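S.K.: Could you have a look at this structure, given as C-alpha cells, before my questions?
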Amino acid sequence: MNYAEVEKYLFGKRRMGMKFGLDRVRCLMNDAGNPQKSFRTIHVVGTNGKGSTTALLAEILHHLGYKAGRITSPHLLHYRERTAINNVWIPEEAVIEFVDLFRERIEKHSATFFEITTVMSAWFFEKEGVDFVVAEAGLGGRLDATRLLDGECTLFTGIELEHRRILGSTEPLIAAEKVAITRRGSTLIAFRQKPEVENVITLAVKTENLVRIVPEPADMAPSPGEHQKRNAGLALSAALMFSGCTKEDVQSAFKKSCKTLSWPGRLDLRSGSPSILFDVAHSPGSVEYLVFHLKKNWKLPVPAVVGFLEDKFWKKMTEQLCEVLNPVITTTPLNERSLPASSLAEQFQKVGVEALWIDDIGEAMKLARSIPSELTVVTGSFFVVGYAMHHAWRNKWIALPEKGVEQNQLFQ
C-alpha cells in the first residue's frame, strides 16, 4: 500500500469506536517485541493542556541533547504529528512499514485506531533509538493504551467533567481514572487541586507509594495565556528531575524551547485580512481561557466559526462564548461524533447571539471573513480548527508560516 491507502486503512479503524481494556494493545505490543522497554517514558494526563505540556517537555529534553519522542492526540494538521522525534513527525515510509509488518496481527487482535497508533509509536521510537518518550494519554489513564508504556513519572494537568459515561460522573472519579496510569513507586507531578480532587491524589500517593511533587508556574511559556505557565511549570519540573542535567542547563533549554517550539492551534494568531485566531477550545475550561484572552486583547465582539463534538459540554460553552463572539457561523466537525451545525446555531440563538449554520467548514470560514472586523476566531473541535487552518493556507487568507513544524513538514 502507498501512504494514502495506509492512512485510509488506519482511519477506517475509527469506526470501531472506543473499546475498553488493555488486552488487545498488550498483545499487539508483545507482537512488536515490547519496544516500550527500550526507552524511558513520562506520562501526561488531565483534561486540558496535555498536548502543550507534552510538546514542551519533549522540546526541553531535545535541547538538553536527548533524542526525545512525543505521542499526542488527537492530531490537528496531519496524522503523522501524533508520533514525533525531536519535533519531527514520523515519516510516511515508517507508517507504511509498520502497517505492512503488523496488519495481520492488527486484524487478529481487533486493535483500535488509538491502540495501533500507540504501538506504532513505540515501535518507531525503538527503531530510532529514542532516549525519552513523553506520552499524552488519550481518554483516561487506567485503561488507556499508553499505560503499556509504563512511565516512571506522571504529569497531572488537572481535570474537568468529561466523558462521564466512560470515566465517571464526578471530578473525583475522573481524577482517579486518570491518576491510575501512574506506576506504583513512581513520581506524580501535580499542582494543588480543589479539595475533592486533592483527596484522590493524596490517597493514590499513599496506596501506590508515589513521590508527589508540587511545581511552581513558570515565568514564561511558548504559547500565550496564564494557564500555559502552569503547563510549563509541570514540564520544567519533570525536566529538572529526570534529565540528569544541572538546573542552569535545564533553565537554558527551557528558554530555548519557548522560542523554538511550534504548537499550532492554541490561541494561535495568524496574520491576514482579517487576521484569524485559531484555538482548539473544546471544554468549558479551555473556553474560559479563550474568553479571557479575547477580552484582554481585542475590541469585542468579533465574528467566529465554531463547531463542537456532540459529547462535549456545548450548551455551556455557547453561554460562555456569547460574551465575546457575534455573529457566529456554526459548522460541522469532520468526525463521526460531530454535533450538527444547525443544533449549535439554534443554541447560540437562544443565548442571544446572531448565528447561521453552514456544514462545510471552508464555506463557513468564507462567510465569517466577509464580516467587517480586524479579527475572525475559529474555535471548538480539533476537527474544525485543523481543517480550517489548512483551508486558510490553501486560499492564502493567512500568511504561510516562516518556520516551525508546519513549514518544515506540512509544506515539504
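S.K.: What number of residues within segment 184-202 satisfy the criterion of being crowded, with 17+ Cβ neighbours inside 10 Å, at pLDDT below 95 and part of a loop (DSSP other than H, G, I, E, B)?
M.R.: Here the count works out to 1.
S.K.: Filter segment 394-405 down to the residues that are out of contact with any helix residue (DSSP H, G or I) (no Cβ under 6 Å at 6 or more places or on another chain) and surrounded by 18 or more Cβ atoms within 10 Å (Cβ to Cβ), then identify the one that is modelled with the highest pLDDT.
M.R.: Looking at the filtered set, the residue picked out is W397.
S.K.: Being within 27 Å of L139 (Cα to Cα), outside the structural domain of E152 (by TED's automatic domain parsing) and not β-branched (V, I, T), is that true of even one residue in segment 324-334?
M.R.: yes
Here is a yes/no grid of residues against (1) part of a loop (DSSP other than H, G, I, E, B); (2) at pLDDT below 95; (3) among the basic types (K, R):
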site: I60; (1), (2), (3): no, no, no
site: G65; (1), (2), (3): yes, no, no
site: F98; (1), (2), (3): no, no, no
site: I116; (1), (2), (3): no, no, no
site: A122; (1), (2), (3): no, no, no
site: F125; (1), (2), (3): no, no, no
site: G129; (1), (2), (3): yes, no, no
site: R142; (1), (2), (3): yes, yes, yes
site: T154; (1), (2), (3): no, no, no
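S.K.: While we're on this one: Can you find even one residue in segment 284-294 that is among the polar types (S, T, N, Q) and in contact (Cβ under 8 Å) with a residue 24 or more places away in the chain?
M.R.: Yes, segment 284-294 contains at least one residue that is among the polar types (S, T, N, Q) and in contact (Cβ under 8 Å) with a residue 24 or more places away in the chain.
S.K.: Next question. Please pick out the residue among V205, V211 that is within 21 Å of A180 (Cα to Cα) and either out of contact with any strand residue (DSSP E or B) (no Cβ under 9 Å at 6 or more places or on another chain) or loosely packed, with under 14 Cβ neighbours inside 10 Å (or both).
M.R.: V211
S.K.: Here's another thing I want to ask about it. Do the conditions hold for T47, that is, is it in contact with a helix residue (DSSP H, G or I) (Cβ under 7 Å, 6 or more places away or on another chain) and at pLDDT below 95?
M.R.: yes
S.K.: With G233, G225 as the choices, which residue is touching a residue at least 40 places away in the same chain (Cβ under 8 Å), in contact with an Asp or Glu (Cβ under 9 Å, 6 or more places away or on another chain) and either assigned by TED's automatic domain parsing to the domain that holds D131 or surrounded by fewer than 21 Cβ atoms within 10 Å (Cβ to Cβ) (or both)?
M.R.: G233
S.K.: Might you check whether a residue that is among the hydroxyl-bearing types (S, T, Y), surrounded by fewer than 19 Cβ atoms within 10 Å (Cβ to Cβ), on the phi < 0 side of the Ramachandran plot and at pLDDT 90 or above occurs anywhere in segment 156-168?
M.R.: Within segment 156-168, none of the residues are among the hydroxyl-bearing types (S, T, Y), surrounded by fewer than 19 Cβ atoms within 10 Å (Cβ to Cβ), on the phi < 0 side of the Ramachandran plot and at pLDDT 90 or above.
The values are calculated or read from the model by the stated rules, or taken from the named source; none is laboratory data. Just so it is clear, the model here is predicted, and its values are computed rather than measured. FYI the Cβ positions are ideal-geometry reconstructions off the backbone, even for glycines, and counts take in every protein chain you see.
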